[in-house]
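**Student:** Provided herewith is a single structure, encoded as structure tokens, for subsequent inquiry.
Just so it is clear, none of the values below were taken in a lab; they were calculated from the coordinates. Keep in mind that this is a model prediction, so the values were computed, not measured. With ideal geometry, Cβ positions are generated from the backbone for all residues, glycine too; neighbour counts draw on all protein chains shown.
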Amino acid sequence: MDSSEAAVESKLPPAIEEPAAAGRGLSLPADFLFHKLAVFMAAVVGATLVAAVAAIGYDSLPAIKVFGVLGFLESRRWDPVSQQFGAYPFIVGTLVSSAIAMLLAVPVSFGVAVFISELAPGWIKQPISAAIEMLAAVPSIVYGLWGLLVFAPAFANLEPWINDHLGAIWGVGALFRGPPMGIGMLAAGIVLAIMILPYIASIMRDVFVATPARLKESAYAMGATTWEVARRILLPYTRTAVTGGIFLGLGRALGETMAVTFVIGNSNNLSRSLLMPGASIPSVIANEFTEATSKLYVSSLIYLGLVLIAITLVVQILAVFLLGSLRRAPGGTR
Amino acid sequence: MISLYARRRAVNIVASSLMFAATCVGLFFLAWILWTTLEFGIAAMHWDLFTKDTPAPGDGGYGLRNAFVGSLILMAIALSIGVPVGLMAGTWLAEYGGRSRMAGLVRFVNDIMLSAPSIEIGLFTYAIMVDPMGHFSAISGGVALSILMIPIIVRTTDEMLKLVGGELREAAIALGAPMWQVVTRITWKAARAGILTGILISLARISGETAPLLFTALNNQFYSTDLRRPIANLPVVIFQFAMSPYANWQQMAWAAAFIAIVFILGISVCSRLLLRSGVKRT
Amino acid sequence: MVTTMKTRLAAAAIAATLGASAHAAQGITGAGSTWVYPLVAKWAAVYAKNTGIQVNYQAIGSGGGIAQIEAGTVAFGASDKPLLPADLAKHGLIQFPTAIAGEDLVYNVPGLKAGELIVNGPLIADIFMGKITKWNDPRIARLNPGVALPDLGITVVHRSDGSGTTFTFANYLSKVSPEWQAKIGADTSIDWPVGVGGKGNAGVASYVQRIKGSVGYVEYAYILENHMAYARMFNGAGKLLSPSLQGFQAAAANVDFTKAKDFYVILTDQPGAASWPISGCTWQILRKNAPRASNAAVVKFFMWGFEHGQAQARAIAFGPLPPSTVHAIKVYLQSNLGI
């Protein structure tokens, strides 16, 4: 009860504390049960998830014993025949492909969300929203096969142009040079971006629509343009929820298996170029898990999953700090 | 002054066009992918898909009845576990937990689970259900899917409830409404569109997941509605058929994907329409 | 509220299915190898029609199949890689072969049609180790006199996913190339020195069709169904062959299964003029201490397949076991399970 009272009180001016308390007193059983139910469900969620992480950790133990922590993270060798396993190329591959996906998906999602909530005429909002959400319903194997059979050949035609233009830029050019195969880190990043677009865009749209109309309307009344409303009203007001949506997308990008596997090229050798094949943690797990026969091999694959969870953890902590500094920034409404 | 106004207008036009372009990009890829599934799957688009079971290789013919029914059952199980748990947990976070340390911890673990590879969720469910029961079962598949859904529902419910203005709650409390009524009648209602989006997205997500089902519901080439036995399901069928050498299996995989996407769209549109008619009534 | 209504609907659906579950059909479940999946699925469909018994087999991978039969969650597991007799004994398991299949190189070289490229084992090993990098390399030209080989780089395409296809391929190369044996070895996934990895046969086929100068390996069924450019090979006896079911069966027929304990024989590089060098097989694995009824049902199903399923196997590019092998299996099961 303590936390609930604290939460309510923090939102209430002292003047209406009395009636609220009285109201709660009147329907104590229902209120009590509802609260306990919520607490229970939250505890179930927490416990299940902790148990899942613990189970993953337990299954990783054999590999942890053999390869250690740093040894596993640093090693570039992944050789099932000689039972030598290391995560380094896959960690890099996961981070790079997800980073590309976020760089592409976040701005596009923001554009889609503002377009739906502010610009689009009323009759078209619903169809566009539904269409964007449909992208989330495409099974990931379909993304994979589409990426392999349709997107990669098309992208291969574009790659000579990327080579000639982006590849010529001083400094970052090396990232964009390579044979026009249509598969690789960049292709995987683009397919991932399309996959996570609906997650980020739908949540942004919902919170933009949910932003109190008087906030937006007063800004429009002052002569603000749509862009200014989006930039100065919507985004600051919904900052935490927008970050939440972005995290939903990032989580999906980091953990996606099937779609990435088909287009990333699956090479354990690291390359500087984004046009060259690479591999990500989930893609290796998806590729090798079902056929892995030795205990150490299976354990090493699960250990990779644990590393992925650790990566998410680090990203989370960074985000908490980032959000903290945002909250302290002047002009924050929440 | 004029120049500043012109500049603001110019920025706005550029930004608006970019937003329009972004939307077009999203729609373009959706159309492209849908077109691909149709192009490769059109040969298998046949009423038999709904009335016959999956054919053996080399038999020719089409059928997905067992997989459609199985997937519906799995989704129903996942929804009936995932929605109440996710909704209540999200509600606790937003309405009761607030910024307490405990709530912070639950949010933290929840966010981490968002990116756990789905195959490991399948392994976890295998360990807690299939192994003790001694056989694969539909019910364990539903549980695995619900574990995948819950973090998404918790995250979205939490965010959406927090966006509901404090005035609504305060007004209700001031009128003497108990907290549980404030939550169910006021804040849930105010945030229902967003909460529904979370549920729909999580449903869309699980509708295409192969990995968690492989070690739980398995799959079944026969028609079965027994919750204690392996059950046919669309994602595993799509995966197995798409990767097979046989043309009719490959075509069916694409057709199945198309139907699955359209089905999810249908659910999405229907539930939003229901929601809107609900708004009008109240 | 929509959510509560949905929950109610879901509850109704579950109630309905629980009611229906009372009339559960009898049947057994198996899981494992992806390779053998089409064959067992095919047999199971016909078997269910004839006998009413449902054998549900699912492709969760050989590793999964072995783990599941050890855990006892399935009636039989299937693996593309046989278990060592010692491992079988440790877990109280038995195994027997099911059907024969094979694989071959596919390539994308301008001007070379199906069957026009000729290779042998050591040459394949050198190409897949990155030691031969051009199509007009003299070592390729020596085996292909009179063929116009272009001055084109070779792109190696391999499976990215763990696979019995990879195991069989690498096992063959280990037998014919000491260097491959020493540096790389054989497993369902290996540490490839060069090349790009495609997921599944579909992934390899797609890369090969698109990348000029590429070469990869896929299952025979995939070559047959998708009309891909395949290579002809010299086998251990020095005969030049095209891949065929007869070639795979010849490889199996040349194995003396009565001498191999628990059928632990890998079918690559078998002697005999007609033996296709990269032939493979899938093993069914059973638990000795499983309920007798369950084991009997599994044995009955596969015996039915060996006897009545030959034409169906051929139709989907699987080679039935030679009669001598089927007989050896019957003797083996009789002595181990008494069935």
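**Student:** Under a straight-distance cross-link criterion of Cα-Cα below 17 Å, which lysines are reachable from A:LYS295, leaving out those fewer than 8 residues away in the same chain?
**Tutor:** Within the straight-line limit of under 17 Å, A:LYS295 reaches these lysines: A:LYS65, C:LYS81, C:LYS90.
**Student:** Going toward the positive end of the dipole of the protein assembly as shown, with +1 on Lys and Arg Cβ and -1 on Asp and Glu Cβ, which of B:VAL85, C:VAL255, B:VAL237 do you reach last?
**Tutor:** B:VAL85
**Student:** A follow-up question, please. To the nearest whole number, what is the average tally of beta carbon atoms from other chains within 10 Å of the beta carbons of peptide B:74-86?
**Tutor:** Average per residue, whole number: 4.
**Student:** Within 10 Å, count the other beta carbons around each residue, average over each peptide in B:64-74, A:236-246, B:137-147, C:305-315, and list them highest first.
**Tutor:** The packing order, highest mean first, is B:137-147, B:64-74, A:236-246, C:305-315.
**Student:** Largest first, please: the extent of the C-alpha atoms of segment C:223-270 along each principal axis, to the nearest Å.
**Tutor:** Over segment C:223-270, Cα extents along the principal axes are 38, 26, 14 Å.
**Student:** Sticking with this structure for a sec: Just the ratio, please: alpha-carbon radius of gyration of segment B:44-112 over 2.2 N^0.38 Å, N its number of residues.
**Tutor:** Ratio of Rg to 2.2 N^0.38 Å for segment B:44-112: 1.92.
**Student:** If you average the alpha carbon positions of segment C:324-339 and of segment B:71-97, how far apart do those two centres end up, in angstrom?
**Tutor:** 53 Å
**Student:** Quick one: if you stick a label point 7 Å off each Cα along the C-beta vector at C:ASN289 and C:HIS327, how many nm between them?
**Tutor:** My value for the distance between the label points is 3.5 nm.
**Student:** Taking Cα centroids, how far is segment C:96-165 from segment A:94-116 in Å?
**Tutor:** Using only Cα atoms, the two centres lie 42 Å from each other.
**Student:** Run through the DSSP bridge list for the protein assembly as shown and note the antiparallel percent, rounded to the nearest 5.
**Tutor:** Looking only at bridges with both residues in the protein assembly as shown, the antiparallel portion is about 60 percent.
**Student:** Here is a follow-up. Bins of 10 Å, beginning at zero and ending with the bin holding the largest distance: percent of Cα pairs per bin for the protein assembly as shown, please.
**Tutor:** 2, 11, 21, 24, 19, 12, 7, 3, 1, 0
**Student:** Once the Cα atoms of segment A:42-165 are picked out, what are the Rg and Dmax in Å?
**Tutor:** 21.6, 62
**Student:** Right, here's the next one. What is the Cα convex hull volume of chain C when expressed per residue in Å³?
**Tutor:** Values: hull volume 56.8 nm³, N = 339.
Considering the Cα atoms of chain C, their hull volume per residue is 168 Å³.
**Student:** Considering the convex hull of the alpha carbon atoms of segment C:291-333, report its projected area averaged over all viewing directions, in nm², one decimal.
**Tutor:** 3.2 nm²
**Student:** Same structure, new question: Would any residue of segment B:252-277 have its amide N under 17 Å from a label point 7 Å out along Cα→Cβ of B:MET45? List them or say none.
**Tutor:** Answer for segment B:252-277: B:252-266.
**Student:** Please name whichever of A:PHE32, A:ALA292, A:LEU73 sits farthest to the positive end of the charge dipole of chain A, dipole taken about the Cα centre and charges placed at Cβ: Lys and Arg +1, Asp and Glu -1.
**Tutor:** About the Cα centre, the residue reaching furthest to the positive side is A:LEU73.
**Student:** Sticking with this structure for a sec: Placing one identical point scatterer on every Cα of chain A and ignoring solvent, what is log10 I(q)/I(0) from the Debye formula at q = 0.08, 0.09, 0.14 Å⁻¹?
**Tutor:** The Debye formula, applied to the Cα set alone, gives -0.52, -0.65, -1.24.
**Student:** What's the magnitude of the charge dipole for the protein assembly as shown around its Cα centre, counting Lys and Arg as +1 and Asp and Glu as -1 at the beta-carbon? Answer in Debye, nearest 20. Don't skip to the end; give the middle numbers.
**Tutor:** Values: 68 positive and 52 negative charges, 264 e Å.
For this selection, approximately 1280 debye.
**Student:** While we're on this one: Calculate the FRET efficiency for C:ALA141 and A:ASN157 from the Cβ-Cβ distance with a Förster distance of 30 Å, rounded to the nearest 0.05.
**Tutor:** The computed FRET efficiency comes out at 0.40.
**Student:** Turning to a different aspect of this structure: Please give, to one decimal in nm, the separation of the simple spin-label points placed at C:ALA273 and A:HIS165, each 7 Å out from Cα toward the Cβ.
**Tutor:** Here the answer is 6.3 nm between the modelled labels.
**Student:** Also, I was wondering about something else. Based on the Cβ-Cβ distance of C:MET303 and A:ARG77, what FRET efficiency does E = 1/(1 + (r/R0)^6) give at R0 = 60 Å, to the nearest 0.05?
**Tutor:** The calculated FRET efficiency here is 0.85.
**Student:** Could you tell me how far the Cα centroid of segment B:203-282 sits from the Cα centroid of segment C:203-223, in Å?
**Tutor:** Measuring centre to centre over Cα atoms gives 30 Å.
**Student:** With a length cut of 30 Å (Cα positions projected on each helix's long axis) and a Kyte-Doolittle mean of at least -0.5, go through chain A and give me the DSSP H helices that pass. Write down the numbers at each step before the final one.
**Tutor:** Details: long enough: A:28-67 (56 Å, 1.49); A:88-114 (39 Å, 1.92); A:185-210 (37 Å, 2.00); A:295-328 (50 Å, 1.78).
Correct list, ordered by number: A:28-67, A:88-114, A:185-210, A:295-328.
**Student:** Please sort by residue number the trypsin sites (Lys or Arg not before Pro) in segment A:249-297 whose DSSP state is loop and whose Cβ has at most 10 other Cβ atoms within 10 Å.
**Tutor:** Loop-located and lightly packed - A:ARG272.
**Student:** Between B:TYR5 and B:LEU38, what is 0.36 nm times their sequence separation minus the Cα-Cα distance? Round to one decimal in nm. Write down the numbers at each step before the final one.
**Tutor:** Details: separation 33, 0.36 × 33 = 11.88 nm, distance 4.88 nm.
Contour length minus the Cα-Cα distance gives 7.0 nm.
**Student:** Then there is this: Measuring from label point to label point, each 7 Å out along Cα→Cβ, what is the A:VAL66 to A:VAL50 span in nm?
**Tutor:** Placing both labels 7 Å beyond Cα along the Cβ direction yields 3.1 nm.
**Student:** Okay, moving on. On a 0 to 90 degree scale, rounded to 10, what angle separates helix B:247-281 from the longest Cα axis of chain B?
**Tutor:** For helix B:247-281, the angle is close to 30 degrees.
**Student:** Other chains near B:10-19: what is the mean number of their Cβ atoms within 10 Å of each residue's Cβ?
**Tutor:** Mean inter-chain Cβ contacts per residue within 10 Å come to 6.
**Student:** Using the Cα centre of the protein assembly as shown as origin and beta-carbon charges of +1 (Lys, Arg) and -1 (Asp, Glu), tell me which of C:LEU321, C:ALA31, B:LEU213 is placed farthest towards the positive end of the dipole.
**Tutor:** Of C:LEU321, C:ALA31, B:LEU213, it is B:LEU213.
**Student:** Another one. Dipole size in debye (nearest 20) for segment C:129-266 around its Cα centre, Lys and Arg Cβ +1, Asp and Glu Cβ -1? Kindly include the intermediate steps, with their values, before the conclusion.
**Tutor:** Values: 14 positive and 10 negative charges, 69 e Å.
Magnitude of the dipole: close to 340 debye.
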